[in-house]
1. For segment 1-69, what is one quarter of the convex hull surface built on the Cα atoms, given in nm²?
2. Under a crude label model (7 Å from the Cα following the beta-carbon direction), how far is E89 from T43 in nanometres?
3. So, R0 is 22 Å and r is the distance between the beta-carbons of E53 and V33; what FRET efficiency does that work out to, to 0.05?
4. Quote to one decimal, in nm, the extra length available between L97 and T65 on full extension: 0.36 nm per residue of separation minus the C-alpha distance between them.
5. Show me the ranking of peptides 44-53, 12-21 by mean Cβ neighbours inside 10 Å, starting with the highest.
6. Any chance you could run the full-extension gain for M25 through D82? It's 0.36 nm times the residue separation minus the Cα-Cα distance, nm to one decimal.
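No lab work stands behind these numbers, since they all come straight from the coordinates. Note that the structure is a prediction, hence the values are computed from the model and not measured. Don't worry about glycine lacking a Cβ; one is built from the backbone with ideal geometry, like all the others, and counts go over all protein chains shown.
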Amino acid sequence: MTDTTLEEARRCPKCNEPGADAGAMAAPRGQDVTRGATLRKYTCMNNRCRWFEEIWVVQVNPDGTIPPPTTTRRNTLRPLPDDFGRTRERLLEQVNLETHGGGEISS
């Protein structure tokens, strides 16, 4: 018996074992997403795999087709709001404590 497109897509990208269904959600609107598509989440249950218990997402279009995976998408994360350099100052202080000692390292 041959795999259907969904059966192929739900296989772990690393070990090729079938992934366990971890739920679904509506796909956000975007230039690469078909209107009405859902995102199916799968997790690898092979404890010998590097992706053990990792989740990957498969887009399922309304007609049941699955587009090829996109692995070269640009990062679309929004920049953090300006905190007037406080985060940078804290990070530099943390690096100084870790490299030169003389202080307690916060977690």
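1. The Cα convex hull of segment 1-69, projected and averaged over all directions, gives 5.0 nm².
2. In this crude spin-label approximation the distance works out to 4.1 nm.
3. So, using R0 = 22 Å, E works out to roughly 0.25.
4. Fully extending the segment from L97 to T65 adds 6.2 nm.
5. 12-21, 44-53
6. So the chain would gain 17.3 nm between M25 and D82.
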